[in-house]
Amino acid sequence: MGSNYFPVNGDHCKGLEQSRGFTLLEVLVALVIVATALAAAMRAVTSLTVNIGDIRENAEGGWSAENRITEIAITGEWPDIGTLSFSCPQGDRDYVCEQQVDQTPNPYFRRVEVLVRSTAHRDRVVARLSRIVSDEP
């Protein structure tokens, strides 16, 4: 009866040579490769998330600058020479616009430049737009 459960002649080892599986080392190498690929994918996703925020901020800042330049054009305003800072929110974000007006060689034209900065990062310009406006005589 004992020989039925525990063969002594080695017959139980015949199938092992044909059904060879992965070694522990092979499994660990595969895990390292998969972990490295997943870490790279996470880094790429994080980078895309940050870039999307910057793109949105730049677009909204550009809209704020365009709004001010268009307002000057539509109203026919003749802006005073100098610098003017004002709030210019866009969407759910607050921005600060800085309008710089400079004289040109022709007294009937002035250069208007609008810089837009995020209130969260005042040192970073998210948009810049300039245009020459005329004082129609």
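Every read-out reported here was derived from the displayed coordinates using simple, explicitly stated rules and does not represent laboratory data. Note that the structure is a prediction, hence the values are computed from the model and not measured. So basically every Cβ, Gly included, is an ideal-geometry build from the backbone, and we count neighbours across all protein chains shown.
Between Glu71 and Ala44, the contour length at 0.36 nm per residue exceeds the alpha carbon distance by 5.7 nm.
The GluC sites (Glu not before Pro) of the stretch 20-95 that DSSP puts in a loop, and whose beta carbon has at most 15 other beta carbons within 10 Å, are Glu77. Measuring r between the beta carbons of Leu84 and Ile55 and using R0 = 25 Å, the FRET efficiency lands at 0.35. Relative to the longest principal axis of the Cα atoms of the chain, the long axis of helix 24-75 lies at roughly 10 degrees.
Using just its DSSP H runs of length 4 or more, each adding -39500 (n - 2.57), the chain gives a mean residue ellipticity at 222 nm of -14500 deg cm²/dmol after division by all residues. The Cα-based radius of gyration and maximum Cα-Cα distance (Dmax) for the stretch 21-134 are 24.2, 87 Å. May I ask you to derive the relative contact order of the chain, considering only C-alpha pairs under 8 Å and at least 6 residues apart, and to give it as an integer percent? Taking the mean separation of contacting Cα pairs over the length of the chain, I get 18 percent.
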